[in-house]
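Colleague: My structure is below; once you've seen it, I'll send some questions.
The values are calculated or read from the model by the stated rules, or taken from the named source; none is laboratory data. These figures come from a predicted structure and were not determined experimentally. All Cβ positions, even for glycine, are placed from backbone atoms using ideal geometry, and neighbour counts span all protein chains on display.
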Amino acid sequence: MEPGWRWELRPVHLLRLRRHTQDDDTLSPALRLDTFKMAMHSPVPVAELLLRRLEASDGGLDSAELAAELGMEHQAVVGAVKSLQALGEVIEAELRSTKRWELTAEGEEIAREGSHEARVFRSIPPEGLAQSELMRMPSGKVGFSKAMSNKWIRVDKSAADGPRVFRVVDSMEDEVQRRLQLIQGGQAEKLGEKERSELRKRKLLAEVTLKTYWVSKGSAFSTSISKQETELSPEMISSGSWRDRPFKPYNFLAHGVLPDSGHLHPLLKVRSQFRQIFLEMGFTEMPTDNFIESSFWNFDALFQPQQHPARDQHDTFFLRDPAEALQLPMDYVQRVKRTHSQGGYGSQGYKYTWKLDEARKNLLRTHTTSASARALYRLAQKKPFTPVKYFSIDRVFRNETLDATHLAEFHQIEGVVADHGLTLGHLMGVLREFFTKLGITQLRFKPAYNPYTEPSMEVFSYHQGLKKWVEVGNSGVFRPEMLLPMGLPENVSVIAWGLSLERPTMIKYGINNIRDLVGHKVNLQMVYDSPLCRLDAEPRPPPTQEAA
Ligand code: FB9
């Protein structure tokens with residue numbers, strides 16, 4: 001016997017063996033016994049034992065029964081079935097699920113030691129037993145109430161030193177133990193449904209579904225399975241021994257082992273699709289490699305007044321160090337200052353004292369529109385003006401109240417088109433083209449307000465899955481007070497729109513809480529398993545909880 005192998009014969013095996021010998025006349029007890037002994041003593045692979053048993057059986061055999069017979073774990077036989085299946089047509093194996101009754105651990109214990117009520121009954125001497133003492137026994141509580149309901153015992157409440165329990169009958173039949181032993185002996189069918197359900201209610205019995213294999217001979221059945229070669233080694237070739245060696249057939253359908261590879265986070269998968277859409281529409285990506293921005297480019301350049309509520313700590317993360325932006329294009333800054341404080345270019349401005357210090361304050365950018373302002377300013381410096389289409393997708397930071405769909409940072413997607421004589425109609429047109437590529441066709445535009453665009457529109461789309469109109473973005477025509485101080489020509493107008501990356505990603509992947517998408521609570525499995533789902537395809541159903 002191999003070192004470390006220890007056969008422990010559990011009673012159930014013997015019982016099963018006994019059961020087999022009793023009512024199953026297909027196999028001569030002798031053959032059954034020697035198969036069992038063989039299993040016990042010789043390291044014959046289970047597969048071989050199975051083939052021999054199959055050889056002897058007519059029609060086939062059940063993997064669970066064979067396991068019982070061989071006194072081994074069902075899993076071991078299942079393993080053998082799988083390895084024989086891999087050999088091709090040696091065996092046929094059909095998966096079956098058989099329901100059967102199995103004792104729970106407490107059921108096993110009662111079958112061995114007797115029912116709680118029987119133990120209580122046996123523990124009562126003729127002179128009776130103090131109820132308090134009886135209740136302290138392990139089976140006390142359960143046993144007492146059962147023995148009472150079986151009218152095996154009675155309680156004399158008036159006894160001198162407190163309630164005392166006496167036997168009513170001289171002897172009793174421990175039906176519960178008998179029935180459990182019957183089941184243990186594989187004769188569950190001898191019990192009526194009522195008895196069975198009573199034992200189930202007492203959590204002594206459970207119905208288990210066992211997935212077993214019904215194994216039968218395959219077209220290439222043989223009892224001797226010669227180990228099939230899986231490698232063609234140089235010495236086989238040089239010795240020519242490959243000629244008479246059986247080789248395992250190639251399974252060209254076998255799935256290769258997925259190489260361990262990196263996994264793109266769903267957000268980045270959707271980002272690459274948005275990038276693709278913009279590039280298809282002829283847009284160029286704006287540089288956004290600066291989370292830290294000056295208030296000037298984030299607000300002032302966008303003609304957002306310095307007392308605008310978005311510019312206070314409640315909405316914006318200001319920096320303590322480096323607190324101030326030192327490099328600002330001062331000639332342009334002067335024009336912005338004048339436009340804010342006095343107006344110009346046909347605008348009356350905001351008529352307030354514009355402060356350079358306020359504009360120098362560094363912050364975490366609250367939108368990528370600051371990158372658009374920088375790009376448009378660079379564009380304005382290039383004469384003559386050339387129409388452009390820019391886009392950006394990057395992180396922005398807002399000191400907002402956190403909730404299921406809002407974190408203090410998200411990815412903003414922004415599109416900007418600068419050309420002569422662009423109107424709101426052009427904006428609606430480019431928005432239709434953009435969202436159509438997202439698979440969103442039904443759009444509605446609702447007038448809105450942004451400090452840096454006039455007119456402005458919120459964009460809504462009717463969402464089939466959610467059966468409602470969803471806000472899918474914001475947009476507008478940049479104000480001349482923003483563009484002209486940059487030096488862009490009079491008749492050049494710039495249309496732009498923005499949306500988030502998180503919202504479409506959550507909807508696409510059926511994620512309701514942003515913390516399941518971003519942050520330390522994300523279950524990486526979701527990232528590994530998240531397929532690349534095409535934005536313009538139907539959204540995936542929300543992940544059912546299990547799989548989870
Ligand atoms: O993304 C948003 N919604 C959205 C987008 C796509 C989508 O796709 C589905 C697959 C079908 C679903 C939903 N929103 C913008 C709308 C809302 O979610 C809104 O409540 C939250 N918004 C963010 C800001 O929250 C404070 C989303 C974010 C947003 C809002 C506005 C802009 C950018 C991002 C902008 C802009 C702008 C305007 C004019 C000129 C330049 C930029």
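Colleague: Does G349 fit the bill of being small (G, A, S), more than 14 Å from the ligand (Cβ to nearest atom), surrounded by 15 or more Cβ atoms within 10 Å (Cβ to Cβ) and more than 26 Å from G498 (Cα to Cα)?
Modeller: No.
Colleague: Consider D161 against the criteria (1) surrounded by fewer than 15 Cβ atoms within 10 Å (Cβ to Cβ); (2) over 21 Å from E108 (Cβ atoms); (3) of a type outside the set (A, V, I, L, M, F, W, C); (4) at pLDDT 90 or above: it satisfies all of them except one. Which criterion is unmet?
Modeller: Just one mismatch for D161, condition (4).
Colleague: Here's another thing I want to ask about it. Pick out the one residue from R479, R540, R515 that is surrounded by 13 or more Cβ atoms within 10 Å (Cβ to Cβ), more than 10 Å from the ligand (Cβ to nearest atom), among the basic types (K, R) and at pLDDT below 85.
Modeller: The unique qualifying residue is R540.
Colleague: From the list V417, V430, V336, which residue is touching a helix residue (DSSP H, G or I) at 6+ places or on another chain (Cβ under 9 Å), among the β-branched types (V, I, T) and within 16 Å of the ligand (Cβ to nearest atom)?
Modeller: V417
Colleague: Checking the structure you have, find out if any residue of segment 147-164 is part of a helix (DSSP H, G or I) and of a type outside the set (S, T, N, Q).
Modeller: Yes, segment 147-164 contains at least one residue that is part of a helix (DSSP H, G or I) and of a type outside the set (S, T, N, Q).
Colleague: Somewhere in segment 186-207, is a residue over 44 Å from the mean Cα position of the chain (by Cα) and among the polar types (S, T, N, Q)?
Modeller: No, the conditions are met nowhere in segment 186-207.
Colleague: Output the number of residues of segment 62-103 satisfying the condition of being at pLDDT 90 or above and aromatic (F, W, Y).
Modeller: 0
Colleague: With the requirement that a residue be among the hydrophobic types (A, V, I, L, M, F, W, C) and either buried (at least 20 other Cβ atoms within 10 Å of the Cβ) or within 16 Å of the ligand (Cβ to nearest atom) (or both), what does segment 355-391 give you?
Modeller: A359, L363, L364, A371, A373, A375, L376, L379, V388, F391
Colleague: Tell me which residues, restricted to segment 427-464, are among the aromatic types (F, W, Y) and in contact (Cβ under 8 Å) with a residue 12 or more places away in the chain.
Modeller: Residues satisfying the conditions are F434, F435, F445, Y452, F460, Y462.
Colleague: Now, a different point. Kindly indicate whether S341 is in contact with an Asp or Glu (Cβ under 6 Å, 6 or more places away or on another chain), surrounded by 14 or more Cβ atoms within 10 Å (Cβ to Cβ) and of a type outside the set (K, R).
Modeller: Spelling it out, it is not the case that S341 is in contact with an Asp or Glu (Cβ under 6 Å, 6 or more places away or on another chain), surrounded by 14 or more Cβ atoms within 10 Å (Cβ to Cβ) and of a type outside the set (K, R).
Colleague: Of the residues S132, S171, only one is over 18 Å from E198 (Cβ atoms), free of Cβ contacts under 8 Å to residues at least 24 places away in the same chain and not β-branched (V, I, T); which?
Modeller: That would be S171, the only listed residue that is over 18 Å from E198 (Cβ atoms), free of Cβ contacts under 8 Å to residues at least 24 places away in the same chain and not β-branched (V, I, T).
Colleague: Could you please find all residues in segment 471-504 being of a type outside the set (S, T, N, Q) and more than 22 Å from F278 (Cα to Cα)?
Modeller: Answer for segment 471-504, where residues must be of a type outside the set (S, T, N, Q) and more than 22 Å from F278 (Cα to Cα): R479, P480, E481, M482, L483, L484, P485, M486, G487, L488, P489, E490.
Colleague: Starting from residues that are surrounded by fewer than 20 Cβ atoms within 10 Å (Cβ to Cβ) and near the ligand (Cβ under 8 Å from one of its atoms), keep the ones in segment 462-473 and report whichever is farthest from L501 (Cα to Cα).
Modeller: Step by step, filter segment 462-473, then rank; the result is H463.
Colleague: Note down all Cβ pairs under 6 Å where the first residue falls in segment 495-511 and is surrounded by fewer than 23 Cβ atoms within 10 Å (Cβ to Cβ), the second is part of a helix (DSSP H, G or I) and of a type in the set (K, R), and they're at least six residues apart or on different chains.
Modeller: Filtered contacts from segment 495-511: L501/R271.
Colleague: Of the conditions (1) away from the ligand (no atom under 12 Å from the Cβ); (2) in contact with a Gly (Cβ under 7 Å, 6 or more places away or on another chain); (3) of a type in the set (S, T, N, Q), T453 satisfies every one except a single condition; which number is it?
Modeller: With respect to (1) away from the ligand (no atom under 12 Å from the Cβ); (2) in contact with a Gly (Cβ under 7 Å, 6 or more places away or on another chain); (3) of a type in the set (S, T, N, Q), T453 is out only on (1).
Colleague: Taking only segment 349-387 into account, find how many residues are closer than 16 Å to L328 by Cβ and of a type in the set (K, R).
Modeller: Residues meeting the conditions: 6.
Colleague: Let me ask something additional. If a residue has to be surrounded by fewer than 16 Cβ atoms within 10 Å (Cβ to Cβ), of a type in the set (D, E) and in contact (Cβ under 8 Å) with a residue 12 or more places away in the chain to count, how many in segment 181-218 make the cut?
Modeller: 1
Colleague: Every residue in segment 358-383 that is in a loop (DSSP other than H, G, I, E, B) and touching a residue at least 60 places away in the same chain (Cβ under 8 Å), please.
Modeller: The answer is R365, T366, H367, T368.
Colleague: Filter segment 227-253 down to residues that are surrounded by 10 or more Cβ atoms within 10 Å (Cβ to Cβ) and under 45 Å from the mean Cα position of the chain (by Cα), then give me how many there are.
Modeller: Residues that pass the stated criteria total 9.
Colleague: If Q525 meets every condition in (1) surrounded by fewer than 15 Cβ atoms within 10 Å (Cβ to Cβ); (2) out of contact with any Asp or Glu (no Cβ under 9 Å at 6 or more places or on another chain); (3) touching a residue at least 60 places away in the same chain (Cβ under 8 Å); (4) within 23 Å of T405 (Cα to Cα) apart from one, which number is that one?
Modeller: (3)
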